[in-house]
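Structure first, commentary second.
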Amino acid sequence: MTRTMSGGVDRLRAAMAGPVLVSGDAGYEDARAIWNGDIDRCPAVVAQCASAADVVAALGHGQEE
């Protein structure tokens, strides 16, 4: 079963100063890449926190979803 979070992502974007990326957004592919090229994961959301308040918003979103 696939869960979509379009409404939740919109709320997260409104709550954060930093970018919030989902698959298909410009920059998503670069943002999801990690140092180990053998690991290829596609998270539903990449929250690039710019402040402590962004961290709080991202963690809250994760708990809700």
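The values are calculated or read from the model by the stated rules, or taken from the named source; none is laboratory data. Predicted model, so just to flag it, every value in this text is computed and none were measured. Protein only, heavy atoms only, side chains kept; ligands, DNA and RNA dropped before computing areas. Shrake-Rupley method; radii C 1.70, N 1.55, O 1.52, S 1.80 Å.
Assorted remarks:
- For the pair ALA53 and ASP40, the difference between a 0.36 nm per residue extended length and the Cα-Cα distance amounts to 1.8 nm.
- Accessible surface computed residue by residue for the chain, with neighbouring protein chains in place and a 1.4 Å probe, gives 72 Å² per residue.
- Three-way shape call for the range 2-56 based on the alpha-carbon gyration tensor, with the a/c threshold at 1.5: oblate
- 0 to 90° range, to nearest 10: angle between helix 52-64 axis and the chain longest Cα axis: 80
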